[in-house]
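Written below as structure tokens is the structure these notes are about.
The values are calculated or read from the model by the stated rules, or taken from the named source; none is laboratory data. Everything numeric here is computed off the predicted structure, so don't read it as measured data. A quick note on method: Cβ atoms are made from the backbone with ideal geometry, for glycine too, and the neighbour counts reach across all protein chains shown.
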Amino acid sequence: MSADLPLAPGSSIGILGGGQLGRMLALAAARLGFDVVVLEREADSPAGRVASRLIVGGYTDEAALAELAGCTSLVTFEFENVPAASVAWLTAHGVEVAPGEQALAAAQDRVTEKIFLNAHGAPTVAFAAAATAEEAVQAVARIGAPALMKTRREGYDGKGQRWVEHAADAAAAFAALGGVPVIVEAACDFVRELSIIAARGRDGATAVYPLAENHHDHGILRRSLAPARADQALNDQAERIAARVLAGLDYVGVIGIELFEMADGRLLVNEIAPRVHNTGHWTQDGCQVDQFEQHIRAVAGWPLGPTAAIAQVEMLNLLGDEVDAWRKFAAEPETRLHLYGKRGAKPGRKMGHINRVKPLG
């Protein structure tokens, strides 16, 4: 069924994906009076257990997609690797999907993403594409070693990438990544990693959250501090980048943009994520309207909410058995605990996060 926008409370919103981001989106949507239908491959998923309805099926299963199309006016997704064919199928059958296919296409291929960013005034490190081992060697020689080799598609939290210390090692790195097409990126001597969470509504209005400073360990986000210490010039630069990305994609929804701050004050874009983002979890306790509610507002055609910080927040991801300390965290008066309802605490698996909240200033 087609969406009648703005979407009225009591309407149904579909979410492709049943993980923690889907769970937090579903909870935010429920708060605004929407019913949520989750399409997920697993019968027992974090988002599926809080949704009003769960459809168990593959993302390209046409019977499952038809069921989703029959009971929702609008569909969004929790992760950028949802098959583009699924979005195309839903769109062809009259279902509004936001963000749209253009944003997915840009984010699902790292070369396409880098080309888009540079064409829209959002600079990145130097890069080169390679589809064979020989091309990989040539790419590293051209970019210069050390260089970071990543698969063009998929890969997250440090997966699907390898550092190449010498051009002669490029062929082995290419093989280790599965012999699939890759991107070779120049090493980046950055001062710190930042991110900006931004939203764009159906009327073109935008809302931007304060910068967050992020710290990673083995490619996995461990800690975010927000609002980040930053002067007005740096904030303005980040907001300009966000505005260019949102406009260039004709975007609807919340987007996460990861940034490198260079010693000379320039910002380079590392990557974009067309969805709510781990580095925006601090907004749940640090802003009047968090990123999850903001995303639902945007895709539903509602006015965007305020993004100003109301607190200083340190967000910490809880990985694996770190979640077992929930009693300790729950007893800390400054700590807000967000658990994802995942059944198995595997090493490195994101089981939840905490936000430690302090007054601004």
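Looking only at region 202-220, decide whether some residue is part of a loop (DSSP other than H, G, I, E, B), out of contact with any His (no Cβ under 9 Å at 6 or more places or on another chain) and among the acidic types (Asp, Glu). The answer is yes; a qualifying residue exists.
The listed residues are 204, 219, 265, and the only one of them that is surrounded by fewer than 17 Cβ atoms within 10 Å (Cβ to Cβ), at pLDDT below 95 and of a type outside the set (D, E, K, R) turns out to be 219.
Among the residues of region 93-109, those that are modelled with pLDDT of 95 or more and among the aliphatic types (A, V, I, L, M) comprise 95, 97, 98. Quick one: residue 307 ticks every box in (1) out of contact with any Phe, Trp or Tyr (no Cβ under 7 Å at 6 or more places or on another chain); (2) at pLDDT 95 or above bar one, so which box is it? Result: residue 307 fails condition (1) only. What do you reckon, is residue 60 among the β-branched types (Val, Ile, Thr), out of contact with any Leu (no Cβ under 7 Å at 6 or more places or on another chain) and under 24 Å from residue 201 (Cβ atoms)? No; evaluated as a whole, the condition is false for this residue. Taking the conditions exactly as written (part of a loop (DSSP other than H, G, I, E, B), modelled with pLDDT of 95 or more, over 18 Å from the mean Cα position of the chain (by Cα) and within 28 Å of residue 357 (Cβ to Cβ)), does residue 228 satisfy them or not? Against the criterion (part of a loop (DSSP other than H, G, I, E, B), modelled with pLDDT of 95 or more, over 18 Å from the mean Cα position of the chain (by Cα) and within 28 Å of residue 357 (Cβ to Cβ)), residue 228 qualifies. Filtering region 259-281 to residues that are in contact (Cβ under 8 Å) with a residue 40 or more places away in the chain and more than 23 Å from residue 16 (Cα to Cα) leaves 259, 260, 261, 262, 263, 266, 267, 268, 269, 270. Of the helices (runs of 4 or more DSSP H) lying entirely inside region 282-361, those carrying at least 1 residues that are in contact with a Lys or Arg (Cβ under 8 Å, 6 or more places away or on another chain), of a type outside the set (Phe, Trp, Tyr) and touching a residue at least 40 places away in the same chain (Cβ under 8 Å) are 283-286, 291-299. Number of residues in region 259-281 that are in a strand (DSSP E or B) and among the charged types (D, E, K, R) equals 2. Taking region 243-264 as the range and being under 24 Å from residue 221 (Cβ atoms) and of a type in the set (A, V, I, L, M) as the test, the residues that pass are 245, 246, 249, 254, 255, 257, 259, 262, 263.
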